[in-house]
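Just below is one structure, and these are the notes that go with it.
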């Protein structure tokens with residue numbers, strides 16, 4: 001029904017537009033004219049509002065309000081009305097908003113024996129918290145936010161009382177229990193959404209606000225079985241969430257066992273074999289000269305000096321006209337590809353044999369050659385890291401195979417509490433709608449027909 005009513009404004013708007021078009025009405029012009037009238041109305045009442053509020057402050061600051069109060073205090077005292085409210089009585093016929101502001105100022109200044117108001121009238125925007133000492137919930141609203149707005153009138157910055165009392169009034173064996181049950185259910189969903197956690201992947205305890213609603217609901221129920229049922233509802237819901245999380249983890253482990261871990265193991269094994277092949281290639285093609293530099297084979301010929309090789313690499317970088325990789329020769333048995341990373345705006349050389357090893361270049365002639373040698377010399381260390389990662393992955397695979405077969409540890413508790421909950425539902429006749437009495441008749445029985453009905 002709620003979803004249905006949400007479409008009513010849109011349907012009314014569409015119907016109005018169709019009707020207007022059928023009569024040849026210019027819809028846009030009509031909306032513009034309505035907006036103009038609204039602006040005219042706002043312009044008409046705004047000066048009065050701007051004058052009333054400063055006027056009230058002026059009357060108080062000048063002492064005129066106190067003089068007026070002293071003048072009419074004998075009459076107001078005889079009627080049982082505080083003299084401080086004289087100004088509010090004076091401006092009430094002129095402006096309800098100004099009178100409300102004056103009342104709020106009186107309450108904050110002198111306090112009040114009692115202040116009664118609805119959630120809509122005294123919710124957001126009402127600042128009367130200065131001297132409030134207690135809040136009394138006389139009814140249960142339909143939304144948890146309404147209760148929060150109420151309590152926000154007293155639990156608020158500016159309250160002179162360090163501690164305040166909040167009272168909630170309920171009546172046993174009435175509709176109050178059902179109302180607080182609705183508020184409790186709504187707060188559970190709100191709490192799950194606000195924590196940004198999926199209930200299937202994690203099972204969190206009910207938040208503090210929801211628990212307070214549940215306690216209030218329990219106070220409304222005079223039947224001890226209802227209290228037990230409410231506790232079991234919470235426990236069973238929590239255990240079902242835990243079981244759902246357990247099953248979700250099991251399905252994730254099954255996917256890892258079948259796909260993720262085998263693929264990762266295969267990839268690491270291939271990478272280790274690649275490092276072994278690259279190490280052998282490096283050893284066979286490393287022929288250092290006097291300064292430790294191995295010849296570099298480039299398109300212009302063989303370069304045997306480190307400085308000349310560094311200059312050649314920087315020259316190739318300057319001559320690049322495209323970020324696409326280009327082959328620039330060989331070094332220590334590895335093919336070299338020069339490329340330009342447009343995102344980081346850096347030149348890079350990729351050493352290629354069994355695996356691909358990328359080296360970021362700088363502007364130093366000798367530094368670039370040193371970076372190439374460092375990358376080639378780190379093969380053993382990187383292969384050892386891959387071997388360690390491979391061993392860890394295999395251990396994780398074995399642990400996952402053992403963990404996936406573990407049953408839900410609280411299965412027996414869930415089963416026992418679910419059975420007890422079903423017994424209570426049957427006892428309280430909460431799960432059998434066919435036994436409900438509707439307008440004095442059973443829902444599962446057809447109403448008796450009169451002779452007149454049968455004739456029809």
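The values are calculated or read from the model by the stated rules, or taken from the named source; none is laboratory data. Remember, it's a predicted structure, so these values are computed and weren't measured experimentally. Backbone-built Cβ (ideal geometry, glycine too); neighbour counts: all protein chains shown.
For segment 298-316, what are the residues that are surrounded by fewer than 16 Cβ atoms within 10 Å (Cβ to Cβ) and under 26 Å from residue 354 (Cα atoms)?
299, 300, 301, 302, 304
Going through segment 148-163 one residue at a time, which ones are in contact with a helix residue (DSSP H, G or I) (Cβ under 9 Å, 6 or more places away or on another chain) and either part of a loop (DSSP other than H, G, I, E, B) or at pLDDT 80 or above (or both)?
Passing the criteria: only 158.
Which of (1) surrounded by 15 or more Cβ atoms within 10 Å (Cβ to Cβ); (2) closer than 29 Å to residue 259 by Cα; (3) modelled with pLDDT under 90 is the odd one out, the single condition residue 407 does not satisfy?
(1)
Among the residues of segment 276-297, is any in a strand (DSSP E or B), in the same structural domain as residue 336 (by TED's automatic domain parsing) and either crowded, with 17+ Cβ neighbours inside 10 Å or at pLDDT 85 or above (or both)?
Yes, the conditions are met somewhere in segment 276-297.
I'd like the full set of residues that are touching a strand residue (DSSP E or B) at 6+ places or on another chain (Cβ under 9 Å) and at positive phi, limited to segment 302-348.
Answer for segment 302-348, where residues must be touching a strand residue (DSSP E or B) at 6+ places or on another chain (Cβ under 9 Å) and at positive phi: 329, 332.
Being under 32 Å from the mean Cα position of the chain (by Cα), outside any helix (DSSP H, G or I) and farther than 30 Å from residue 229 by Cα is the filter here, so list the residues in segment 377-418 that pass it.
The answer is 404, and nothing else.
Looking at (1) buried (at least 16 other Cβ atoms within 10 Å of the Cβ); (2) touching a residue at least 24 places away in the same chain (Cβ under 8 Å); (3) not assigned by TED's automatic domain parsing to the domain that holds residue 384, which is the one condition that is false for residue 248?
Of (1) buried (at least 16 other Cβ atoms within 10 Å of the Cβ); (2) touching a residue at least 24 places away in the same chain (Cβ under 8 Å); (3) not assigned by TED's automatic domain parsing to the domain that holds residue 384, only one is false for residue 248: (1).
From the list 327, 339, 319, 344, which residue is under 47 Å from the mean Cα position of the chain (by Cα) and surrounded by fewer than 17 Cβ atoms within 10 Å (Cβ to Cβ)?
344
In segment 20-48, which residue that is surrounded by 10 or more Cβ atoms within 10 Å (Cβ to Cβ) and part of a loop (DSSP other than H, G, I, E, B) is modelled with the lowest pLDDT?
Looking at the filtered set, the residue picked out is 25.
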